[in-house]
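To start, the structure under review is shown below, and the notes come after it.
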Amino acid sequence: MEALLQEITPWVTQYGLWIVFFGMMVEGTTMILATGILCYLGMLPLQSAIPVAILGATLGDQLWYALGRRYMQAILDRFPSLGERVGRMGAKVRHKGDILAFSSRFLYSGAILFPLALGYYRYPWRRFTLLDLLGVGLWATTGVLLGYLLGTGVEQLFGEIKKVEHLLLVLVLVGLGAWQTRRYFTNRKRDT
(Lines give C-alpha, C1' and ligand atoms only; values in the text may rest on other atoms or scores of the structure.)
Protein backbone atom coordinates (compact mmCIF):
# COMPACT_ATOMS: atom_id res chain seq x y z
CA MET A 1 0.00 0.00 0.00
CA GLU A 2 2.76 2.42 0.87
CA ALA A 3 4.38 1.84 -2.54
CA LEU A 4 1.06 2.75 -4.15
CA LEU A 5 0.95 5.99 -2.16
CA GLN A 6 4.50 6.82 -3.22
CA GLU A 7 3.49 6.35 -6.87
CA ILE A 8 0.21 8.24 -6.60
CA THR A 9 1.38 11.21 -4.51
CA PRO A 10 3.55 12.88 -7.20
CA TRP A 11 0.81 12.32 -9.78
CA VAL A 12 -1.87 13.85 -7.54
CA THR A 13 0.47 16.68 -6.57
CA GLN A 14 1.23 17.44 -10.22
CA TYR A 15 -2.22 16.98 -11.78
CA GLY A 16 -4.55 17.20 -8.77
CA LEU A 17 -5.65 20.79 -9.33
CA TRP A 18 -6.53 19.98 -12.95
CA ILE A 19 -8.58 17.03 -11.74
CA VAL A 20 -10.34 19.33 -9.26
CA PHE A 21 -10.97 21.92 -11.99
CA PHE A 22 -12.50 19.49 -14.50
CA GLY A 23 -14.20 17.41 -11.82
CA MET A 24 -15.98 20.46 -10.47
CA MET A 25 -17.41 21.18 -13.90
CA VAL A 26 -19.50 18.01 -13.84
CA GLU A 27 -19.68 16.70 -10.27
CA GLY A 28 -19.81 18.40 -6.98
CA THR A 29 -20.26 16.90 -3.56
CA THR A 30 -17.85 13.98 -3.71
CA MET A 31 -15.23 15.99 -5.60
CA ILE A 32 -15.31 18.92 -3.19
CA LEU A 33 -15.00 16.71 -0.10
CA ALA A 34 -12.23 14.67 -1.71
CA THR A 35 -10.43 17.92 -2.52
CA GLY A 36 -10.53 18.94 1.13
CA ILE A 37 -9.26 15.53 2.20
CA LEU A 38 -6.39 15.71 -0.30
CA CYS A 39 -5.55 19.17 1.07
CA TYR A 40 -5.47 17.75 4.58
CA LEU A 41 -3.18 14.93 3.45
CA GLY A 42 -0.81 17.51 1.99
CA MET A 43 -1.27 16.38 -1.61
CA LEU A 44 -2.94 19.64 -2.70
CA PRO A 45 -2.35 23.18 -1.45
CA LEU A 46 -5.46 24.47 0.32
CA GLN A 47 -4.85 28.08 -0.79
CA SER A 48 -4.94 26.97 -4.46
CA ALA A 49 -7.60 24.27 -4.25
CA ILE A 50 -10.43 26.58 -3.19
CA PRO A 51 -10.04 29.10 -6.07
CA VAL A 52 -9.57 26.26 -8.58
CA ALA A 53 -12.74 24.58 -7.29
CA ILE A 54 -14.66 27.87 -7.55
CA LEU A 55 -13.39 28.49 -11.07
CA GLY A 56 -14.15 24.94 -12.27
CA ALA A 57 -17.65 24.91 -10.77
CA THR A 58 -18.47 28.38 -12.10
CA LEU A 59 -17.28 27.56 -15.61
CA GLY A 60 -19.19 24.28 -15.49
CA ASP A 61 -22.34 26.13 -14.48
CA GLN A 62 -21.78 28.61 -17.32
CA LEU A 63 -21.48 25.69 -19.73
CA TRP A 64 -24.73 24.12 -18.49
CA TYR A 65 -26.47 27.52 -18.68
CA ALA A 66 -25.29 28.02 -22.29
CA LEU A 67 -26.37 24.49 -23.24
CA GLY A 68 -29.78 25.14 -21.72
CA ARG A 69 -30.15 28.41 -23.52
CA ARG A 70 -29.03 27.13 -26.91
CA TYR A 71 -29.76 23.39 -27.04
CA MET A 72 -32.34 22.64 -24.38
CA GLN A 73 -35.18 21.90 -26.76
CA ALA A 74 -33.07 19.30 -28.55
CA ILE A 75 -32.05 17.83 -25.18
CA LEU A 76 -35.70 17.68 -24.09
CA ASP A 77 -36.67 15.95 -27.33
CA ARG A 78 -33.94 13.36 -26.74
CA PHE A 79 -34.61 12.86 -22.99
CA PRO A 80 -38.37 13.23 -22.35
CA SER A 81 -38.06 12.36 -18.64
CA LEU A 82 -35.86 15.41 -18.19
CA GLY A 83 -38.52 17.47 -19.94
CA GLU A 84 -41.00 16.85 -17.14
CA ARG A 85 -38.56 18.10 -14.51
CA VAL A 86 -37.56 21.15 -16.54
CA GLY A 87 -41.19 21.86 -17.44
CA ARG A 88 -42.14 22.00 -13.76
CA MET A 89 -39.32 24.47 -13.19
CA GLY A 90 -40.73 27.19 -15.45
CA ALA A 91 -42.79 28.82 -12.70
CA LYS A 92 -39.95 28.41 -10.20
CA VAL A 93 -37.53 30.17 -12.54
CA ARG A 94 -39.93 33.07 -12.95
CA HIS A 95 -40.66 33.43 -9.22
CA LYS A 96 -37.49 32.13 -7.56
CA GLY A 97 -34.80 32.43 -10.23
CA ASP A 98 -32.41 34.29 -7.93
CA ILE A 99 -32.60 31.54 -5.32
CA LEU A 100 -32.08 28.84 -7.96
CA ALA A 101 -29.06 30.65 -9.40
CA PHE A 102 -27.46 31.06 -5.98
CA SER A 103 -28.27 27.64 -4.53
CA SER A 104 -27.75 25.29 -7.48
CA ARG A 105 -24.66 23.65 -5.96
CA PHE A 106 -26.24 23.25 -2.54
CA LEU A 107 -29.15 21.09 -3.70
CA TYR A 108 -29.04 17.52 -4.96
CA SER A 109 -29.12 17.42 -8.79
CA GLY A 110 -29.24 21.22 -8.87
CA ALA A 111 -25.71 21.74 -10.21
CA ILE A 112 -26.74 20.65 -13.70
CA LEU A 113 -30.53 20.95 -13.73
CA PHE A 114 -30.81 24.52 -12.41
CA PRO A 115 -28.34 26.15 -14.86
CA LEU A 116 -29.93 24.21 -17.75
CA ALA A 117 -33.40 25.38 -16.75
CA LEU A 118 -32.29 28.95 -16.07
CA GLY A 119 -30.70 29.11 -19.53
CA TYR A 120 -33.73 27.52 -21.17
CA TYR A 121 -36.15 29.98 -19.56
CA ARG A 122 -33.91 32.93 -20.51
CA TYR A 123 -33.02 33.98 -16.98
CA PRO A 124 -30.67 37.00 -17.36
CA TRP A 125 -27.12 35.74 -17.93
CA ARG A 126 -25.32 38.48 -15.97
CA ARG A 127 -27.58 38.02 -13.00
CA PHE A 128 -27.08 34.25 -13.18
CA THR A 129 -23.30 34.67 -13.34
CA LEU A 130 -23.16 36.97 -10.32
CA LEU A 131 -25.48 34.91 -8.12
CA ASP A 132 -23.91 31.63 -9.24
CA LEU A 133 -20.41 32.93 -8.47
CA LEU A 134 -21.50 34.00 -4.98
CA GLY A 135 -23.20 30.65 -4.32
CA VAL A 136 -20.35 28.59 -5.75
CA GLY A 137 -17.82 30.61 -3.75
CA LEU A 138 -19.63 29.88 -0.50
CA TRP A 139 -20.28 26.24 -1.44
CA ALA A 140 -16.71 25.47 -2.59
CA THR A 141 -15.05 27.16 0.38
CA THR A 142 -17.35 25.42 2.84
CA GLY A 143 -17.05 22.06 1.06
CA VAL A 144 -13.25 22.05 0.86
CA LEU A 145 -12.97 23.08 4.51
CA LEU A 146 -15.50 20.42 5.49
CA GLY A 147 -13.45 17.80 3.64
CA TYR A 148 -10.33 19.09 5.39
CA LEU A 149 -12.06 18.83 8.78
CA LEU A 150 -13.37 15.39 7.87
CA GLY A 151 -9.77 14.32 7.33
CA THR A 152 -8.72 15.63 10.74
CA GLY A 153 -11.75 14.10 12.44
CA VAL A 154 -11.13 10.67 10.96
CA GLU A 155 -7.52 10.80 12.08
CA GLN A 156 -8.55 11.77 15.61
CA LEU A 157 -11.19 9.06 15.62
CA PHE A 158 -8.87 6.31 14.44
CA GLY A 159 -5.59 7.64 15.80
CA GLU A 160 -2.39 7.95 13.82
CA ILE A 161 -2.77 5.69 10.80
CA LYS A 162 -0.81 5.63 7.58
CA LYS A 163 -1.89 8.12 4.94
CA VAL A 164 -2.86 5.44 2.40
CA GLU A 165 -5.25 3.73 4.77
CA HIS A 166 -6.53 7.12 5.90
CA LEU A 167 -7.19 8.22 2.32
CA LEU A 168 -8.90 4.95 1.42
CA LEU A 169 -11.05 4.98 4.53
CA VAL A 170 -12.14 8.57 4.02
CA LEU A 171 -12.89 7.99 0.33
CA VAL A 172 -14.99 4.95 1.22
CA LEU A 173 -16.87 6.97 3.84
CA VAL A 174 -17.45 9.85 1.41
CA GLY A 175 -18.60 7.37 -1.27
CA LEU A 176 -21.01 5.69 1.13
CA GLY A 177 -22.35 9.07 2.23
CA ALA A 178 -22.89 10.16 -1.38
CA TRP A 179 -24.56 6.83 -2.21
CA GLN A 180 -26.88 7.09 0.81
CA THR A 181 -27.75 10.69 -0.03
CA ARG A 182 -28.59 9.78 -3.61
CA ARG A 183 -30.64 6.81 -2.43
CA TYR A 184 -32.55 9.02 0.03
CA PHE A 185 -33.45 11.61 -2.61
CA THR A 186 -34.33 8.95 -5.18
CA ASN A 187 -36.71 7.28 -2.71
CA ARG A 188 -38.10 10.65 -1.66
CA LYS A 189 -38.77 11.57 -5.28
CA ARG A 190 -40.49 8.22 -5.88
CA ASP A 191 -42.71 8.72 -2.80
CA THR A 192 -43.93 12.16 -3.93
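Of all residues in the stretch 128-162 being among the charged types (D, E, K, R) and over 22 Å from the mean Cα position of the chain (by Cα), which is modelled with the highest pLDDT? Even if it seems obvious, please write down each step before you answer.
Filtering the stretch 128-162 down to residues among the charged types (D, E, K, R) leaves 132, 155, 160, 162.
Restricting the remaining residues to those that are over 22 Å from the mean Cα position of the chain (by Cα) gives 155, 160, 162.
Details: 155: 62, 160: 54, 162: 55.
The residue in question is 155.
For the stretch 108-120, the count of residues that are of a type in the set (Phe, Trp, Tyr), surrounded by fewer than 14 Cβ atoms within 10 Å (Cβ to Cβ) and closer than 25 Å to residue 182 by Cα is zero. If you go through the stretch 74-102 and keep only what is in contact (Cβ under 8 Å) with a residue 12 or more places away in the chain and either outside any helix (DSSP H, G or I) or exposed (fewer than 12 other Cβ atoms within 10 Å of the Cβ) (or both), you end up with just 94. Scanning the stretch 103-115 for residues that are in contact (Cβ under 8 Å) with a residue 24 or more places away in the chain and either among the aliphatic types (A, V, I, L, M) or more than 16 Å from residue 133 (Cβ to Cβ) (or both) turns up 108, 109, 111, 112, 113.
Test residue 107 against the criterion of being of a type in the set (A, V, I, L, M, F, W, C) and assigned to a helix (DSSP H, G or I), and give yes or no. Can you show your working first?
Details: of a type in the set (A, V, I, L, M, F, W, C): yes; assigned to a helix (DSSP H, G or I): no.
No: the conditions fail for residue 107.
Does residue 70 count as more than 20 Å from residue 131 (Cβ to Cβ) and either crowded, with 20+ Cβ neighbours inside 10 Å or without any contact (Cβ under 8 Å) to a residue 24 or more places away in the chain (or both)?
On the way: more than 20 Å from residue 131 (Cβ to Cβ): yes; either crowded, with 20+ Cβ neighbours inside 10 Å or without any contact (Cβ under 8 Å) to a residue 24 or more places away in the chain (or both): no.
For residue 70, the condition - more than 20 Å from residue 131 (Cβ to Cβ) and either crowded, with 20+ Cβ neighbours inside 10 Å or without any contact (Cβ under 8 Å) to a residue 24 or more places away in the chain (or both) - is not met.
The values are calculated or read from the model by the stated rules, or taken from the named source; none is laboratory data. Everything numeric here is computed off the predicted structure, so don't read it as measured data. FYI the Cβ positions are ideal-geometry reconstructions off the backbone, even for glycines, and counts take in every protein chain you see.
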